[in-house]
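The values are calculated or read from the model by the stated rules, or taken from the named source; none is laboratory data. These numbers were taken from a predicted model, which means no experiment stands behind them. Note that each Cβ is placed from the backbone with ideal geometry, even for glycine, and that neighbours are counted across all protein chains shown.
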Amino acid sequence: MLKLPERGAASTRSLRSERRLWHDGAHHPLSLGCTRCPDRKVCGGLHVDRGIFDCTAFCCENPRLCDAVCRNKPDDFARRVREVAGFLLDDVPRAPVLAVPELPALVPTLFHGDSRTAPFDGSAAVCLPLYKVIHRHDGTIRYETRADLADGFRIVQDMPVILTGTAADPPLERWWSLGSQRRRSMIRGLRSLGVAMVTTPNFSLFADQPRWDDLHSIKRIALVHEEFLNEGLPAALHVNARTDQDWSRWRAYIAGRPEVTHIALSSPPAPAGRSGSIGMRINSCGSPPLSTGRCIFSCVMAAGSCPDWRLPSRALRFLTPRHSSRPSTGNRPS
């Protein structure tokens, strides 16, 4: 997600500097080093205003402290590539098409039930943070029954519950670190609580990281989405992208996967000149599936309020309090 800088001259300089890292194939040439990169076919290369030879310009050159997926850490790079079986999306296991119950167009996100004296019943459904339903350290589920879940968040017991996997990086990485078998066991536990749908973890893409880190995150998003579906829990695929090629890959993936019935997008407030960016992203991902006769529902994570976006009627909005995270333009439309 894009974190907006504070107002003032310093923030203007910061945003100007950050914009020089945004991929823009229509206005900037391909970085020269990308022409010889073995991963160009899947990556597509970078077109940025800042003069860089290739994405290794973003290498911190401190492998001992760095957690990015980068070729300058050969052993770690090989391990990270193996854990997702390469960067291509073609080998993501197929999953069944799951029915999702009818949900309202606007869903509030509740983070706890501490301040309520009576169970919340002010909406036809409620969204809860996935990482508040599981224990932080060992990944086990906090609640044994649906009644326990309702009591913990102070909601009426029969209210449909959606879980959002959108968060800052630490909870996302803890979810991934559980490993596939433990994640699948957790998903079965969430299903037993009667959860209606989940939005997948939104592993981050950053404008100032080597591209391999982006490709790794994209593959993880697809893999985790498949795990939810194959364990019988409906899920919205949270699409993150940094470049035109990333969006093209997502469009091809969604078009060829009838099991993708919902996509999720995060919505930071748009800078000046970028009104309607969420609608652009929905249309970017939704066009190819629509051409096949499928309707893709969009789950939009909105901060603080629901502004006048240009959204299709099939968009489902989750309202959340504003929060900050590490600056990223990975969700910026290309």
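Does region 79-99 include one or more residues that are of a type in the set (A, V, I, L, M), touching a residue at least 40 places away in the same chain (Cβ under 8 Å), within 22 Å of Pro234 (Cα to Cα) and not in a loop (DSSP other than H, G, I, E, B)? The answer is no, given that none of the residues of region 79-99 is of a type in the set (A, V, I, L, M), touching a residue at least 40 places away in the same chain (Cβ under 8 Å), within 22 Å of Pro234 (Cα to Cα) and not in a loop (DSSP other than H, G, I, E, B).
Per this entry, Pro108 is counted among residues that are closer than 26 Å to Thr261 by Cα and either in contact with a strand residue (DSSP E or B) (Cβ under 6 Å, 6 or more places away or on another chain) or loosely packed, with under 12 Cβ neighbours inside 10 Å (or both). Inspect all residues belonging to region 200-210 and state whether any of them is buried (at least 17 other Cβ atoms within 10 Å of the Cβ), hydroxyl-bearing (Ser, Thr, Tyr) and touching a His at 6+ places or on another chain (Cβ under 7 Å). Yes, the conditions are met somewhere in region 200-210. For region 226-251, give me each residue that is within 18 Å of Gly86 (Cα to Cα) and free of Cβ contacts under 8 Å to residues at least 60 places away in the same chain. Glu227, Trp250, listed by residue number. Here Phe111 meets the list (1) within 30 Å of Gln181 (Cβ to Cβ); (2) at pLDDT below 95; (3) out of contact with any helix residue (DSSP H, G or I) (no Cβ under 7 Å at 6 or more places or on another chain) almost entirely, failing just condition (3).
Listed here are the residues, each with its yes/no results for (1) among the acidic types (Asp, Glu); (2) surrounded by 15 or more Cβ atoms within 10 Å (Cβ to Cβ); (3) free of Cβ contacts under 8 Å to residues at least 40 places away in the same chain.
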position	(1), (2), (3)
Arg116	no, no, yes
Val126	no, yes, yes
His135	no, no, yes
Gly139	no, yes, no
Ala147	no, no, yes
Asp151	yes, no, yes
Val156	no, no, yes
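Per the conditions (1) outside any loop (DSSP other than H, G, I, E, B); (2) more than 21 Å from Arg249 (Cβ to Cβ); (3) small (Gly, Ala, Ser), the sole criterion not satisfied by Ala222 is (2).
Which one of these does Ile141 not meet: (1) over 19 Å from Trp175 (Cα atoms); (2) modelled with pLDDT of 90 or more? Of the numbered conditions (1) over 19 Å from Trp175 (Cα atoms); (2) modelled with pLDDT of 90 or more, the odd one out for Ile141 is (1).
When region 54-71 is examined, which residues are found to be part of a loop (DSSP other than H, G, I, E, B) and either at pLDDT 95 or above or surrounded by 19 or more Cβ atoms within 10 Å (Cβ to Cβ) (or both)?
Correct list: Asp54, Ala68, Val69, Cys70.
With respect to the stated conditions, Ala303 fails to be modelled with pLDDT under 90, in contact with a helix residue (DSSP H, G or I) (Cβ under 6 Å, 6 or more places away or on another chain) and of a type in the set (A, V, I, L, M).
When we screen Val100, Val69, Val81 for residues that are under 19 Å from Val224 (Cα atoms) and in contact with a His (Cβ under 6 Å, 6 or more places away or on another chain), the only hit is Val69. Checked across region 20-28, the condition of being buried (at least 16 other Cβ atoms within 10 Å of the Cβ), of a type in the set (Lys, Arg) and either over 11 Å from Arg211 (Cβ atoms) or more than 25 Å from the chain's Cα centre (by Cα) (or both) holds for no residue.
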